[in-house]
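The values are calculated or read from the model by the stated rules, or taken from the named source; none is laboratory data. Computed from a predicted structure; not experimentally measured. Reconstructed Cβ throughout: ideal geometry from the backbone, glycine too, with neighbour counts over all protein chains shown.
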Amino acid sequence: MKEKFLINGGKILSGDIEVEASKNAYLPILAGSILCDESVTFLNAPMFSDIENMCEILKLLNVKIVREGHLLTLDLHNVKNEKISHEYTNKLRASIFLLGSLLAKFKQAVISYPGGCNIGTRPIDIHINAFKSLGVKITERHGYIYCNAQNMKAGKVVFSSVSVGATESVMMSAVLLKGKTTLYNVAREPEIKELASFLNSMGAKISGAGTERIEIEGVKKLKGIEFKVCYDRIIAGTHLLLGALLGKDMRIVGAKREDNELLFNILQESACNFKEDDLGVTISACGRSEAYKFIETLPYPNFPTDLQPQLMAFETLSSGTSVIKENLFENRFNHVMELIKMGADIFVKDRLAIIKGVEKLYGADVFASDLRAGAGLVLAGLVAEGYSTVHNIEYIDRGYEKLEEKYSRLGADIRRLPE
Ligand code: EPZ
């Protein structure tokens, strides 16, 4: 059933909000769980639809799953190798992470080409080239990728360019591979460190995750464990920007400077006060910010592309002009038109968005086109004068849990209604 958010903007937000566990850590970790043949229990599995969709793929592979709230137990005693069709890969781009774990466990995999999505074509050439460099035989036909790893050998991989998913998938593929595999030109996102920490807790031997070189010493077997995944730094950043717009002692449990250094630099230059403690950050808005002149999205530790729409919503109200450059995805400005409907003054040229700050945004009917664009539109609606309706909120449910309930508890006037 299609739903929408109805928002009456302008409310001041106070109180505590807890950040959920990281979607982009959980997705590769769930794919990696099939490397062991015992049971794994996750203690804080959020109710994101992306996680439910990954669990559907695991069930296809004969993983028995029991979910009780945020407790998620996987019985991995009888995992089977199945062909993963487009009905799964179109729903979840992260399904491609299974390539690495299936090759590690079964030495072969057949998976449908993951669809693109609204932010770009999302090719997988970097994944394919990396696996080929380790001796995996790959043929692509009729929209499927047929992989045979019988002759896969431990060795050296230099990624043709930095890719989070390719780094994770190839790292997983080497966990049970005899010998030492070294990965260069890797992504360094915190989620990759979290995946390595999960696999090492099961008995893998991975070092260097989060640095420019990762080494994997193959082991014979992994054991079942209990695991708690780190906070979602993108959700934390979303709430921090909201707090800088509307907060009054709004406390974000799980927000950490080390996950979002550049965002904290921006907040330090903005009209807000915040203090950090060991559990999170308390933030209050205080007036209108000066526009942050220029920011560009780049791989970690630079500013994350997944916070670009939310930052843009924030900058629409700053005084002066800010420029945001989107380097990662070729089509990640779909929220611009929607923000303009609300009165924002934004001009897009290629990868650049030029945002001239306005005094106010006004409520409007706006349409989410992807997960983070949707989050940005919710922030804009919460700060706008009057009523906004955010449509296509199924995108938002992919990576935020009951967002309307959480923001209502802070004092926002936001309701989930059937379309
Ligand atoms: C991960 O996607 C995240 N998803 C994305 O978050 C995030 O935006 C992205 O990393 C960048 O940080 C998950 O972790 C599940 P990439 P991924 O491979 O792995 C190009 C969200 O909202 N590329 O690092 O797919 C690609 O087109 C999502 O939570 C190739 O050309 O990203 C992009 O331009 C959105 N060939 C760039 O590299 C490839 O084989 C970075 O992509 C792979 C990627």
From the list 369, 322, 388, which one is within 16 Å of the ligand (Cβ to nearest atom), modelled with pLDDT of 95 or more and outside the structural domain of residue 118 (by TED's automatic domain parsing)? 369
Out of the residues in segment 197-212 that are surrounded by 16 or more Cβ atoms within 10 Å (Cβ to Cβ), in a loop (DSSP other than H, G, I, E, B) and at negative phi, state the one that is nearest to the ligand (Cβ to nearest atom). 209
In segment 300-319, what count of residues is obtained for those that are away from the ligand (no atom under 12 Å from the Cβ) and aromatic (Phe, Trp, Tyr)? 1
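Can you tell me which residue among 215, 194, 261, 189 is out of contact with any helix residue (DSSP H, G or I) (no Cβ under 6 Å at 6 or more places or on another chain) and within 16 Å of the ligand (Cβ to nearest atom)? Step through it out loud before you land on a result.
On the way: 215 fails: within 16 Å of the ligand (Cβ to nearest atom); 194 fails: out of contact with any helix residue (DSSP H, G or I) (no Cβ under 6 Å at 6 or more places or on another chain); 189 fails: out of contact with any helix residue (DSSP H, G or I) (no Cβ under 6 Å at 6 or more places or on another chain).
Just a single option satisfies the conditions, and that option is 261.
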Would you confirm, using the coordinates I've provided, whether residue 83 is within 19 Å of residue 147 (Cα to Cα), among the basic types (Lys, Arg) and either modelled with pLDDT of 95 or more or out of contact with any helix residue (DSSP H, G or I) (no Cβ under 7 Å at 6 or more places or on another chain) (or both)? yes
Residue among 358, 348 that alone is surrounded by fewer than 16 Cβ atoms within 10 Å (Cβ to Cβ) and β-branched (Val, Ile, Thr): 348
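From the set of residues in segment 54-87 that are within 16 Å of the ligand (Cβ to nearest atom) and crowded, with 19+ Cβ neighbours inside 10 Å, which is nearest to residue 128 (Cα to Cα)?
Keep residues of segment 54-87 that are within 16 Å of the ligand (Cβ to nearest atom), which gives 54-58, 84.
Adding the requirement that they be crowded, with 19+ Cβ neighbours inside 10 Å leaves 54, 57-58, 84.
Working: 54: 21, 57: 21, 58: 22, 84: 17 Å.
The extreme case among them is 84.
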Does any residue in segment 152-168 that is closer than 16 Å to residue 99 by Cα and assigned by TED's automatic domain parsing to the domain that holds residue 329 come within less than 9 Å, Cβ to Cβ, of a residue that is within 13 Å of the ligand (Cβ to nearest atom) and in a strand (DSSP E or B) six or more places away or on a different chain, and which pairs are these? none
Out of 22, 39, 49, sole residue that is in contact with a Cys (Cβ under 7 Å, 6 or more places away or on another chain) and buried (at least 17 other Cβ atoms within 10 Å of the Cβ): 22
Those residues of segment 119-147 that are more than 8 Å from the ligand (Cβ to nearest atom), touching a residue at least 40 places away in the same chain (Cβ under 8 Å) and not in a strand (DSSP E or B) come to a total of 4
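Please note which strands (runs of 3 or more DSSP E) are completely contained in segment 1-101 and include at least 1 residues that are at negative phi and touching a residue at least 24 places away in the same chain (Cβ under 8 Å). Working first, answer last.
Values: elements: 3-8, 13-18, 39-42, 64-68, 71-75.
Hits in segment 1-101: 3-8, 13-18, 39-42, 71-75.
Confirm whether residue 329 is assigned to a strand (DSSP E or B) and in the same structural domain as residue 236 (by TED's automatic domain parsing).
On the way: assigned to a strand (DSSP E or B): no; in the same structural domain as residue 236 (by TED's automatic domain parsing): yes.
So residue 329 does not fit the description; no.
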Please enumerate the residues belonging to segment 148-168 that are in a loop (DSSP other than H, G, I, E, B) and within 12 Å of the ligand (Cβ to nearest atom). 159, 160, 161, 162, 163
Quick check on segment 293-305. Is at least one of its residues closer than 23 Å to residue 10 by Cα and in contact (Cβ under 8 Å) with a residue 40 or more places away in the chain? no
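Can you say whether residue 100 is within 16 Å of the ligand (Cβ to nearest atom) and closer than 20 Å to residue 195 by Cα, as far as the supplied structure shows? Lay out the reasoning, then the answer.
Numbers: within 16 Å of the ligand (Cβ to nearest atom): yes; closer than 20 Å to residue 195 by Cα: yes.
So residue 100 fits the description; yes.
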